[in-house]
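Enquirer: One structure, pasted below without further comment.
The values are calculated or read from the model by the stated rules, or taken from the named source; none is laboratory data. Small disclaimer: the values here were computed from a predicted structure and weren't measured. No Cβ is skipped: glycine too gets one built from the backbone with ideal geometry, and neighbour counts run over all protein chains shown.
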Amino acid sequence: MKNFRYIGKETSRPDAPDKAAGKAHYIHDLQRPGMLYGKIKFSDHPHARIKHIDTSKAERLSGVRAVITANNSPEVRFGFLRDNFALKKDKVRQYRDELAAVAAIDPDIAEEAIELIKVEYEPLPGLFSPHEAMKKGSPLIHETDSQGRPRTDNLVPLQYHHESGNLSAGKRAAKYMAQGEFSTPRVQQCCMGTAGCLAEFDMNSNLTIWAKTQIPFLAQRDFNRALSDMGLNDKNTRVIVPALGGGFGTGLDTHAYEYIAILLAFQTGRPVKIVYTRDEEFAYFSPRQSSTTKITQGCGQDGKLTFREVEVVQDNGAYTSWGATYPSVMMMPATSLYRVPSVYFNAQLVYTNNTYCQAMRGYGNPEHTWALESNMDELAGEAGIDPYDFRMINCNKPKETTPMGLKVSTCGLKECLQTVAKKLDWKKKSKKGKCRGKGMASLIHVGGGGRIYRSDASGLILKLDDFGNVNAYHGGVEMGQGLHSVLTLGIAEALGVRPEKVFINPLDTSTCPWDVGTHASRGAFMACNTAILAANKLRDRIFELSEELFPQEVEKNLEKFIKKNPGYKPPDFDFIKAAKRERFDLKDGSIFIKDAPREPWLSLDLGRLLRAIHFRTQGQMLATEVFYDPPNELPDFAKGFGNISSTYAYGTQGAEVEVDTETGEVKILRMVAAHDVGKVLNPPALKGQIYGALAQGIGYALYEELQSEKGKILNPNFRDYKIPTAQEMDFPVDLEFIETNDSFGPFGAKGVAEPGLVPTAPAIANAIYDAIGIRIRDLPITQEKILAALKKLKEAND
Amino acid sequence: MRRFDYFRPKSLKEALELKKTIAGAKFISGGTDLIVQIKNRELKPSALISLRFIPELATIEINGGARIGALVTISDILQHPELGHNYPVLTEAAKSLGSVQIRNVATIGGNLCNCSPCADMALPLLVLEAKVRLQSAKASREVPISKFFKGPGESCLASNEILTDILLNPPHNKAKATFLKKGRVKVDLAIASLALLLEMEGGICRKARIAAGSVAPIPLRLSKVETLLEGAAVSEDLVSKAQHLARETVSPITDVRATEKYRRQIVGVYVKRGLEKILGQSLA
Ligand SMILES: Cc1cc2nc3c(=O)[nH]c(=O)nc-3n(C[C@H](O)[C@H](O)[C@H](O)COP(=O)(O)OP(=O)(O)OC[C@H]3O[C@@H](n4cnc5c(N)ncnc54)[C@H](O)[C@@H]3O)c2cc1C
């Protein structure tokens, strides 16, 4: 294995001091001269015809600069299936539908103006469960599609289907079978920084928008399209991404509030900022999709899986976001987590009058792994095999091609399972009489990009200055996860400079090269791959120029050195002859000849060399650009086939829990997480990712649910939407990273951003089952559900 | 948020004077309940009169019993050595209220005057049979805490009165008390909570005081359960009866936090666990 200078060493994050000191600028901090504050009037009904919107009182309120509705502003259509509008004209389809918006000189006036807007509705029957909405003859939520063609049902027109092997043969071969129906709730991403943007037009009608986005370049495309809808043809959007207080998938789409800010800014000719309050974020922003998964698996006498059959129904809500592509990720564990010869997978998304959903960390994988890994334990139980042994029997292997056509390069799943079993003392039963139990669950996830768009690429520009500094321009979004830290390390390592000399510039579509978006755990994988490519190009160029300039400068060094050290005899080494590009090296910002004697005058500071290159006739400055598109393929999701990522990440998590059978409370005693990360880039940053993910996973397992009644969110605040805090994370967490040194991975690394929360819920659920023999199939596993199930069990036994 | 005026009177007299002259004014102590209500537009006060700058309201006095000023923060209570020693149940409840940040500003008076059925500090005060002192421009009166609460957000406090002190009887050396609270997570409003005080003599319960939170329109004394226990020997059978009676006595509601059924269940379990904790034995 290669010896790295910076990779794998504990390095502090370049963005940390400013963030800790409150100096980083988030959307919330941004101010522009003449800026107005925008606010949105949301619907009072989940499904209704809009009869009349009266904005007259709001317009008359002093301090209000604009009031817009669909009736007095251009129609802006958006969304993954273009089924959504910035402002609704005829109908509302969910409580959070945007009906009107105001821009005012301060936020209080904007809020007051919103309260003055009165809307008359004609209520329509609402559909709040996908099963109800799927029924023939149900009222239509969308009467037409985005092309204006009539629709006949509430199914979202997207196909996700996979069939491989011989399912009926697999069923016949099964000695044991287990079936279960599992469901997951809508949960909120709970970013520390709420959603918001600031939109401003220049006098040429070009737009600048500061946005909380994970897809600045796709957003640029979306916003440019909106500009043409507004009659501003051929005008451009510049997207700037300031410091972000978390993303977790919320930035994978463009949102109505952004289009509304654009409309208000255009109407008023002033910069307009819209920032959601926490309540608005909960009630009027898209959470994770909720789904139900019916899964059946079978295995033979030997414990080998013979088939897997999966039907997913997903509640899309009223409109369609990128989150509607969750099943493309669900397919991955469905077909490829553990070796299974025949698989049937089908997913159906359904429109309802619930809040529409969007992406969240894991993107369908936690939902599916919840069902799959719970059911694995059920099947192990049927077969009388220990759940750990059962997983080992069916464990994935390096170099295999899975039923979906995933080409696995490295696979550390076996080591992950073994590590968890060892650290959790798996074969030792938990203490008797205390209702304690252990459980585990594993995962597969994309670890080498994830192609769900026609390009999965990322670019990088590196610009060197006279002082040996490296200025980087990259399209990946730092949203708190530490991307800038790994990019800094990657550049420092690959180029051979100290990390302090690397500066990552703010993300701006007008200066940074294109990147599809910071999703699919691809940030570090892509960024470091571009860093290696760019560094290699620069090194070639530096070494080429050194052939002429290195001897010249070293000569001067030597003269000075002799003056200072009279009598010094230089070693017998012909550095003029040795100055050949292939013999140079650059390390820690210093250039030298690899096989030269280590004399103080016989190496050059990079800045010195760059100045020599710059300040001469026909001088030059060095900069380079690269564009990296990983070797993976856009799958055919209707056929369920294609190598979506260039490498795959694996992991196993285990938990030991204690259940209070009188109150239903679950106490986690300890957790172990073993993840195949390819290679650890920055240890504390990686640990932070996994600790944070575990907390989110535990929230998903035990506490979190955006409750709603007839489409209305009932707990739109942290008082009643409970996430774990430090006090819930009061148990030891044992992390272990398996380094498989993947050949596609930069420095051997795979993506690790999402995996940490994928198997957490089933690991905990399996531990609860081990403790008390109760299997809860709908998340979250609240204390009430446990108590109710215990009571039922007791009644059945009595 | 709506605009309002803000006043910082330096004396009780000045505060009461201001309240009388400004229609629609509210007193504010730590603001951890009030500001939330204003932001949620449940309240639209014209002015806020802060009680934080009236020195005598923020003191604790140990005088055989104790006098706790209404503006004493929950953190103050936790840091006071004698108070915790004499009335450990008060500390137990204080520890469970909110987070450190909240405890640093939330006051005991605010907790009572907000009159939430889940008010954590109400329960130990109910079982300690505390009194509250209410002051108007003209007069001062003392009210037993069990008579203070009238309903959610309602108390016997008149609009021209300030709660100034909480008065505690000297601690009884045979009495032991404990506090139990159930939330969905650790930092949470109670789904159900219970304080229990017991005086035992030769295996016989001489005195029992039980109060439960979040299971009725007010923080509730469970007098029937108290009567059942008093004068009896605490046996498993009695505990099971007490549990049952506690579940029957309360009248909880179902909301986003918990169902009515679950709250009843927890109150029952807590009666048992409270007794177990005090008696130091298992009563299952
Ligand atoms: C995040 C969070 C967590 C919380 N957790 C808990 C918890 O676990 N348990 C719990 O019980 N509570 C909890 N609370 C509620 C709140 O913190 C407490 O009730 C607190 O004690 C209120 O005190 P305060 O000084 O902030 O009251 P304020 O908000 O200042 O006042 C509350 C009410 O009482 C009136 N008032 C205040 N002082 C007086 C006085 N001396 N005389 C007359 N009227 C007065 C005010 O006009 C107002 O109506 C929580 C609140 C938050 C925001």
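Enquirer: Cβ-Cβ below 8 Å, separation at least six or inter-chain, first residue in the range B:162-176 and under 13 Å from B:Y87 (Cα atoms) and more than 14 Å from chain A (Cβ to nearest Cβ), second away from the ligand (no atom under 16 Å from the Cβ) and β-branched (V, I, T): which pairs?
Expert: B:K176/B:I278
Enquirer: Could you give me the residue pairs with C-beta distances under 9 Å whose first residue belongs to the range A:493-508 and is farther than 19 Å from A:S603 by Cα, whose second residue is aromatic (F, W, Y) and part of a strand (DSSP E or B) wherever it lies, and which are 6+ apart or on separate chains?
Expert: A:I504/A:Y473; A:N505/A:Y473; A:L507/A:Y473; A:D508/A:Y473
Enquirer: On to the next question. Here is a list: B:E154, B:E201. Which entry is away from the ligand (no atom under 16 Å from the Cβ) and free of Cβ contacts under 8 Å to residues at least 40 places away in the same chain? Working first, answer last.
Expert: Details: B:E154 fails: away from the ligand (no atom under 16 Å from the Cβ).
Going through B:E154, B:E201 in turn, just one is away from the ligand (no atom under 16 Å from the Cβ) and free of Cβ contacts under 8 Å to residues at least 40 places away in the same chain: B:E201.
Enquirer: Taking the residues in the range B:66-75 that are within 13 Å of the ligand (Cβ to nearest atom) and buried (at least 20 other Cβ atoms within 10 Å of the Cβ) as candidates, determine which candidate is nearest to B:S99 (Cα to Cα). Full working, then the answer.
Expert: Taking the range B:66-75 as the starting set, the residues that turn out to be within 13 Å of the ligand (Cβ to nearest atom) are B:68-75.
Imposing the further condition that a residue be buried (at least 20 other Cβ atoms within 10 Å of the Cβ) reduces the set to B:68-74.
Values: B:I68: 21, B:G69: 21, B:A70: 20, B:L71: 18, B:V72: 16, B:T73: 13, B:I74: 10 Å.
Checking each candidate, the answer is B:I74.
Enquirer: Something else now. Quickly run through the range B:128-164 and pick out the residues that are assigned to a loop (DSSP other than H, G, I, E, B) and basic (K, R).
Expert: Initial filter on the range B:128-164 (assigned to a loop (DSSP other than H, G, I, E, B)): B:128-130, B:136-139, B:148, B:152-153, B:156-161.
Correct list: B:K138 only.
Enquirer: Of (1) facing chain B (nearest Cβ under 9 Å); (2) closer than 30 Å to A:S12 by Cβ, A:Q707 satisfies all except one. Which?
Expert: Just one mismatch for A:Q707, condition (2).
Enquirer: Kindly establish whether B:I204 is surrounded by 16 or more Cβ atoms within 10 Å (Cβ to Cβ) and either within 30 Å of A:R719 (Cα to Cα) or more than 18 Å from the chain's Cα centre (by Cα) (or both).
Expert: On the way: surrounded by 16 or more Cβ atoms within 10 Å (Cβ to Cβ): no; either within 30 Å of A:R719 (Cα to Cα) or more than 18 Å from the chain's Cα centre (by Cα) (or both): yes.
No.
Enquirer: Would you check if B:S159 is of a type outside the set (A, V, I, L, M), within 12 Å of the ligand (Cβ to nearest atom), within 14 Å of another protein chain (Cβ to nearest Cβ) and in contact with a helix residue (DSSP H, G or I) (Cβ under 8 Å, 6 or more places away or on another chain)?
Expert: Working: of a type outside the set (A, V, I, L, M): yes; within 12 Å of the ligand (Cβ to nearest atom): yes; within 14 Å of another protein chain (Cβ to nearest Cβ): no; in contact with a helix residue (DSSP H, G or I) (Cβ under 8 Å, 6 or more places away or on another chain): yes.
Spelling it out, it is not the case that B:S159 is of a type outside the set (A, V, I, L, M), within 12 Å of the ligand (Cβ to nearest atom), within 14 Å of another protein chain (Cβ to nearest Cβ) and in contact with a helix residue (DSSP H, G or I) (Cβ under 8 Å, 6 or more places away or on another chain).
Yes/no per residue for (1) surrounded by fewer than 19 Cβ atoms within 10 Å (Cβ to Cβ); (2) within 11 Å of another protein chain (Cβ to nearest Cβ); (3) under 23 Å from A:I781 (Cα atoms):
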| site | (1), (2), (3) |
| --- | --- |
| B:K241 | yes, no, no |
| B:A246 | no, no, no |
| B:T249 | no, no, no |
| B:D255 | yes, yes, yes |
| B:I266 | no, yes, yes |
| B:V269 | no, yes, yes |
| B:G274 | no, no, no |
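Enquirer: Out of A:K639, A:K712, A:K679, report the one residue that is within 14 Å of chain B (Cβ to nearest Cβ) and over 19 Å from the mean Cα position of the chain (by Cα).
Expert: Details: A:K639 fails: within 14 Å of chain B (Cβ to nearest Cβ); A:K679 fails: within 14 Å of chain B (Cβ to nearest Cβ).
On inspection, the qualifying residue turns out to be A:K712.
Enquirer: With the requirement that a residue be farther than 30 Å from A:R221 by Cβ, touching a Gly at 6+ places or on another chain (Cβ under 8 Å) and either assigned by TED's automatic domain parsing to the domain that holds A:R238 or assigned to a helix (DSSP H, G or I) (or both), what does the range A:459-511 give you?
Expert: Scanning the range A:459-511 gives A:G496, A:K501.
Enquirer: Output the residues belonging to the range B:28-65 that are assigned to a loop (DSSP other than H, G, I, E, B), away from the ligand (no atom under 11 Å from the Cβ) and charged (D, E, K, R). So that I can check it myself, show each step before the final result.
Expert: As a first pass, look at the range B:28-65 and keep what is assigned to a loop (DSSP other than H, G, I, E, B): B:29-33, B:40-46, B:51-54, B:59, B:64.
Those still in the list that are away from the ligand (no atom under 11 Å from the Cβ) too: B:40-41, B:44, B:46, B:53, B:59, B:64.
B:R41, B:K44 - these are the residues of the range B:28-65 that are assigned to a loop (DSSP other than H, G, I, E, B), away from the ligand (no atom under 11 Å from the Cβ) and charged (D, E, K, R).
Enquirer: Right, something else. Kindly indicate whether any position in the range B:94-109 is within 11 Å of the ligand (Cβ to nearest atom), touching a Pro at 6+ places or on another chain (Cβ under 9 Å) and more than 14 Å from chain A (Cβ to nearest Cβ).
Expert: yes
Enquirer: So which residues in the range A:642-676 are among the hydroxyl-bearing types (S, T, Y), more than 14 Å from every other protein chain (Cβ to nearest Cβ) and surrounded by fewer than 18 Cβ atoms within 10 Å (Cβ to Cβ)?
Expert: none
Enquirer: So for the range A:370-392 (the condition being closer than 30 Å to A:R96 by Cβ and either without any contact (Cβ under 8 Å) to a residue 60 or more places away in the chain or of a type in the set (A, V, I, L, M) (or both)), does at least one residue qualify?
Expert: Here is the first cut: in the range A:370-392, the ones closer than 30 Å to A:R96 by Cβ are A:370-371.
Restricting the remaining residues to those that are either without any contact (Cβ under 8 Å) to a residue 60 or more places away in the chain or of a type in the set (A, V, I, L, M) (or both) gives A:371.
So far as the range A:370-392 goes, yes, one or more of its residues are closer than 30 Å to A:R96 by Cβ and either without any contact (Cβ under 8 Å) to a residue 60 or more places away in the chain or of a type in the set (A, V, I, L, M) (or both).
Enquirer: What are the residues in the range A:499-536 that are over 27 Å from the mean Cα position of the chain (by Cα) and surrounded by fewer than 17 Cβ atoms within 10 Å (Cβ to Cβ), if any?
Expert: Residues of the range A:499-536 over 27 Å from the mean Cα position of the chain (by Cα): A:500-501, A:536.
Scanning the range A:499-536 gives A:E500, A:N536.
Enquirer: Okay, moving on. Name every residue in the range A:176-209 that is assigned to a strand (DSSP E or B) and under 20 Å from A:R278 (Cβ atoms), in order of residue number.
Expert: Within the range A:176-209, A:G196, A:C197, A:L198 meet the criteria.
Enquirer: Another question about this same structure. Would you please name the residue that is farthest from A:Y700 (Cα to Cα), looking only at residues in the range A:724-743 that are within 23 Å of the chain's Cα centre (by Cα) and within 8 Å of chain B (Cβ to nearest Cβ)?
Expert: Ranking the qualifying residues of the range A:724-743, first place goes to A:T725.
Enquirer: Here's another thing I want to ask about it. Which residue out of B:L123, B:L112, B:L189 is under 23 Å from B:V269 (Cβ atoms), near the ligand (Cβ under 10 Å from one of its atoms) and part of a helix (DSSP H, G or I)?
Expert: Values: B:L112 fails: under 23 Å from B:V269 (Cβ atoms); B:L189 fails: part of a helix (DSSP H, G or I).
Residue meeting the stated conditions: B:L123.
Enquirer: Given the conditions (1) among the hydrophobic types (A, V, I, L, M, F, W, C); (2) in contact (Cβ under 8 Å) with a residue 40 or more places away in the chain; (3) within 14 Å of the ligand (Cβ to nearest atom); (4) assigned to a helix (DSSP H, G or I), which single one is not true for B:V89?
Expert: Looking at each condition in turn, B:V89 falls short on (3).
Enquirer: Only one of B:L134, B:L128, B:L83, B:L163 is buried (at least 24 other Cβ atoms within 10 Å of the Cβ), more than 18 Å from B:L34 (Cα to Cα) and not assigned by TED's automatic domain parsing to the domain that holds B:V185. Can you tell me which? Steps first, please.
Expert: Values: B:L134 fails: buried (at least 24 other Cβ atoms within 10 Å of the Cβ); B:L83 fails: buried (at least 24 other Cβ atoms within 10 Å of the Cβ); B:L163 fails: more than 18 Å from B:L34 (Cα to Cα).
When all the criteria are applied, what remains is B:L128.
Enquirer: Follow-up question, since we're still on this one. Is the range A:168-175 home to any residue that is touching a residue at least 60 places away in the same chain (Cβ under 8 Å), among the charged types (D, E, K, R) and either assigned to a helix (DSSP H, G or I) or in the same structural domain as A:Y37 (by TED's automatic domain parsing) (or both)? Even if it seems obvious, please write down each step before you answer.
Expert: If we filter the range A:168-175 for residues that are touching a residue at least 60 places away in the same chain (Cβ under 8 Å), which is where we start, we get A:169-171, A:173-175.
Restricting the remaining residues to those that are among the charged types (D, E, K, R) gives A:171, A:175.
If we keep only those that are either assigned to a helix (DSSP H, G or I) or in the same structural domain as A:Y37 (by TED's automatic domain parsing) (or both) too, we end up with A:171.
Checked against the condition, which is being touching a residue at least 60 places away in the same chain (Cβ under 8 Å), among the charged types (D, E, K, R) and either assigned to a helix (DSSP H, G or I) or in the same structural domain as A:Y37 (by TED's automatic domain parsing) (or both), the range A:168-175 yields at least one hit.
Quick grid of which residues meet (1) surrounded by 11 or more Cβ atoms within 10 Å (Cβ to Cβ); (2) of a type in the set (S, T, N, Q):
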residue: A:K556; (1), (2): yes, no
residue: A:K577; (1), (2): no, no
residue: A:A596; (1), (2): yes, no
residue: A:R611; (1), (2): yes, no
residue: A:Q618; (1), (2): no, yes
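Enquirer: What helices (runs of 4 or more DSSP H), lying completely within the range A:256-353, carry at least 3 residues that are closer than 27 Å to A:H162 by Cα? Walk me through how you get there before you give the answer.
Expert: Details: elements: A:256-268, A:278-284, A:326-336.
By residue number, A:326-336.
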